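Derivation of every value follows stated rules applied to the coordinates shown; laboratory data play no part. The structure displayed is predicted, hence computed values, not measured ones. All Cβ positions, glycine included, derive from the backbone under ideal geometry; neighbour counts span all protein chains shown.
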Amino acid sequence: MKKKGFLILLAAALFFTVGPQQMSAGEFHEDWKQVELTEPQKKELAEIHSSILEQKKTLIDKYVEFGVISKEKRETIKKHLDKGYAQLEDNEFIPKHPHSNKKKK
């Protein structure tokens with residue numbers, strides 16, 4: 001029994017000391033900032049995002065139909081979704097992560 005406990009502690013110690021290296025949010029998103037999309041790529045992404053937006057709106061309508069959320073909440077959510085799509089258009093469909101800079105180390 002003592003041997004089993006010792007092995008568990010040893011495994012935990014190894015995990016925390018040799019565990020996977022984490023990269024900062026800035027390192028992860030640096031590659032995205034350097035990409036320039038072609039017009040056909042932008043058009044393809046626009047079509048996909050537009051389809052996703054319409055599906056999300058359909059889903060929100062179903063939640064209203066089933067009484068899960070109110071009609072007022074639906075309008076708020078749809079405005080938020082439209083705002084997000086407009087931001088994607090402004091950024092030429094390259095996602096920007098405004099929250100990744102919140103915690104600078």
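Some notes on this structure:
- Sorted by Cβ density within 10 Å, fewest first, the residues 8, 94: 8, 94
- Rounded to the nearest Hz, the phi-derived 3J(HN,Hα) couplings of region 44-53 under the Karplus curve 6.51 cos²θ - 1.76 cosθ + 1.60 (θ = phi - 60°) are 5, 5, 4, 5, 5, 5, 5, 4, 4, 4, where x marks glycine and proline.
- With neighbour counts taken as other beta-carbon atoms within 10 Å, the residues 66, 93 rank, fewest first, as 66, 93.
- Over all other residues within a Cβ to Cβ distance under 15 Å of residue 77, the charged ones net out to +3, with Lys and Arg as +1 and Asp and Glu as -1.
- Gyration tensor verdict on region 38-89 (Cα atoms; rounded if a/c is under 1.5, prolate if a/b is larger than b/c, oblate otherwise): oblate
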